[in-house]
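J.: Input: one structure, supplied below.
The values are calculated or read from the model by the stated rules, or taken from the named source; none is laboratory data. Being a predicted model, the structure only gives us computed values, none of them experimental. Cβ coordinates were reconstructed from backbone atoms using ideal geometry, including for glycine residues, and neighbour counts include every protein chain displayed. All accessible areas refer to the heavy atoms of the entire protein, side chains included, with ligands and DNA or RNA removed. Shrake-Rupley method; radii C 1.70, N 1.55, O 1.52, S 1.80 Å.
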Amino acid sequence: RPKVSWPGSGGIQLTEAGNGFAAQTKLKDQKLVGQLLLTFQDPAGPKIAVEENTEAQTHFVLSDVVAPDGDTGADSQAKPISRVTILWDTSGSRGGRDHAKEIKVLDAFFAKVRDKTITVDLVTFANQAWPQKSFTVSAGNGEAVIKALRALVYDGGTQMAAISPSPTAPVPDLYLLFSDGLSNFGAADAKGFKARVYSFSDDLIFNAIFLRWLSQKSGGDFFNLSQTSPEKAAAAVGGARLAVLSISATAGKVESVFPRVGQPISGELVVTGKLASASANLLVELGVAGQVTKRLEYRLTQDNLIRGDLVARFWAQRKVNDLAIFPEQNHQTLLAIGK
């Protein structure tokens, strides 16, 4: 029985209902601000469910606790930083904000590398990218960079493809992207990055799916600054993280498996997909900086099928998240999954 806490008055008590638990409450004219939290007692070992839905499709989901080998969350195995490119979104949708948390990320990052002298290339963009301005930051003093950012004017639409690096541009050790990720002009597919991209947003509305995809496919990460403090986000920049390197069936057949290669793992591994054979052996390879450090094997079988659509819905959510990176070009597939 999970424990429940929530921001409303009184409490919510879960009672047994069928093969699970349920709770309900009624409120009127009350404002709820906060989170509904469910705390589960985690049983030892991996948890695997294989389910057949009404269309005779078999989906699976597995969950396993994965401890990293040593500290891979911050600076472990990180290469020295001597050059950084800041990509700063100046489109009209980001106007009217003070960007204080984003500025704090940079302050904390510069403090983190204060024992080095680094070159900072500032590239501003909206519907296009403008020529970069270069700064030298020594002893953690990024005042000139911060001053330039505070003087920016916000206007125009956003074309995320505009941040794709020019073939002649200097390759930094990492990119710091500050944007809402909402591409509403031209192409959205930013590509060609030869270093990790770390993206940050404190905007009221932002495309987290796109920003997370763009960052994680390069080996970086995305930080929602309304959930992660600027200091904690800056501390994670440049670190080598445990990530999914491959998922494959060594026996049997699986299809449409998530997560995609490159997704970081923070304590829990969750894999979902379609089981296209009576059974399968699933091999998951995890690693740091492209080097395999863990090989995990799981046995999937239809011997004890669950009947329903809960796992299918979970799988569909993951597929929708993947397709929603570029919703226009995936419109028909998204519609079909919804149906």
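J.: So, in the range 135-146, of the ones that are outside any helix (DSSP H, G or I) and open to solvent by 70 Å² or more (accessible area, probe 1.4 Å), which residue ends up nearest to residue 175 (Cα to Cα)?
T.: Let us first name the residues in the range 135-146 that are outside any helix (DSSP H, G or I), namely 135-142.
When the remaining residues are screened for being open to solvent by 70 Å² or more (accessible area, probe 1.4 Å), the result is 136, 139, 141.
On the way: 136: 16, 139: 20, 141: 19 Å.
This residue is 136.
J.: On the basis of being more than 30 Å from residue 65 (Cβ to Cβ), out of contact with any helix residue (DSSP H, G or I) (no Cβ under 9 Å at 6 or more places or on another chain), of a type in the set (Gly, Ala, Ser) and open to solvent by less than 40 Å² (accessible area, probe 1.4 Å), does residue 188 make the cut? Walk me through how you get there before you give the answer.
T.: On the way: more than 30 Å from residue 65 (Cβ to Cβ): yes; out of contact with any helix residue (DSSP H, G or I) (no Cβ under 9 Å at 6 or more places or on another chain): no; of a type in the set (Gly, Ala, Ser): yes; open to solvent by less than 40 Å² (accessible area, probe 1.4 Å): yes.
When the stated conditions are applied, residue 188 does not pass them.
J.: Sort out which residues of the range 15-60 are among the polar types (S, T, N, Q) and either surrounded by fewer than 10 Cβ atoms within 10 Å (Cβ to Cβ) or in contact with a helix residue (DSSP H, G or I) (Cβ under 8 Å, 6 or more places away or on another chain) (or both), and write them in order of number. Steps first, please.
T.: We begin by selecting, within the range 15-60, every residue among the polar types (S, T, N, Q); these are 15, 19, 24-25, 30, 35, 39, 41, 53-54, 57-58.
Matches in the range 15-60: 15, 19, 24, 30, 35, 39, 41, 53, 54, 57.
J.: Now, a different point. Could you figure out which of (1) in a helix (DSSP H, G or I); (2) surrounded by 15 or more Cβ atoms within 10 Å (Cβ to Cβ); (3) among the basic types (Lys, Arg) isn't true of residue 313?
T.: The number of the failed condition is (2).
J.: If residue 229 satisfies every condition in (1) among the polar types (S, T, N, Q); (2) at pLDDT below 90; (3) closer than 28 Å to residue 118 by Cβ but one, which is the exception?
T.: Residue 229 satisfies every listed condition except (2).
J.: A follow-up question, please. Please enumerate the residues belonging to the range 112-130 that are open to solvent by 20 Å² or more (accessible area, probe 1.4 Å), closer than 17 Å to residue 156 by Cα and not in a strand (DSSP E or B).
T.: Passing the criteria: 127, 128, 130.
J.: So which residues in the range 240-278 are within 18 Å of residue 311 (Cβ to Cβ), hydrophobic (A, V, I, L, M, F, W, C) and part of a loop (DSSP other than H, G, I, E, B)? Spell out how you get there, then give the answer.
T.: Restricting attention to the range 240-278, the residues satisfying the condition of being within 18 Å of residue 311 (Cβ to Cβ) are 247, 249, 252-259, 268-278.
Now narrow it down to the ones that are hydrophobic (A, V, I, L, M, F, W, C): 247, 249, 254, 257-258, 269-271, 275-276, 278.
Within the range 240-278, 276, 278 qualify.
J.: Same structure, new question: Are any of the residues in the range 87-95 more than 12 Å from residue 178 (Cβ to Cβ), at pLDDT below 95 and outside any helix (DSSP H, G or I)?
T.: Filtering the range 87-95 for residues more than 12 Å from residue 178 (Cβ to Cβ) gives 92-93, 95.
If we keep only those that are at pLDDT below 95 as well, we get 92-93, 95.
Okay, now just the ones that are also outside any helix (DSSP H, G or I), so 95.
Checked the range 87-95: at least one residue is more than 12 Å from residue 178 (Cβ to Cβ), at pLDDT below 95 and outside any helix (DSSP H, G or I).
J.: While we're on this one: Do the conditions hold for residue 74, that is, is it modelled with pLDDT under 85 and either part of a strand (DSSP E or B) or within 26 Å of the chain's Cα centre (by Cα) (or both)?
T.: Values: modelled with pLDDT under 85: yes; either part of a strand (DSSP E or B) or within 26 Å of the chain's Cα centre (by Cα) (or both): yes.
Spelling it out, residue 74 is indeed modelled with pLDDT under 85 and either part of a strand (DSSP E or B) or within 26 Å of the chain's Cα centre (by Cα) (or both).
J.: In the set 277, 229, 246, which member is small (Gly, Ala, Ser), without any contact (Cβ under 8 Å) to a residue 12 or more places away in the chain and open to solvent by 10 Å² or more (accessible area, probe 1.4 Å)?
T.: Numbers: 277 fails: without any contact (Cβ under 8 Å) to a residue 12 or more places away in the chain; 246 fails: without any contact (Cβ under 8 Å) to a residue 12 or more places away in the chain.
That would be 229, the only listed residue that is small (Gly, Ala, Ser), without any contact (Cβ under 8 Å) to a residue 12 or more places away in the chain and open to solvent by 10 Å² or more (accessible area, probe 1.4 Å).
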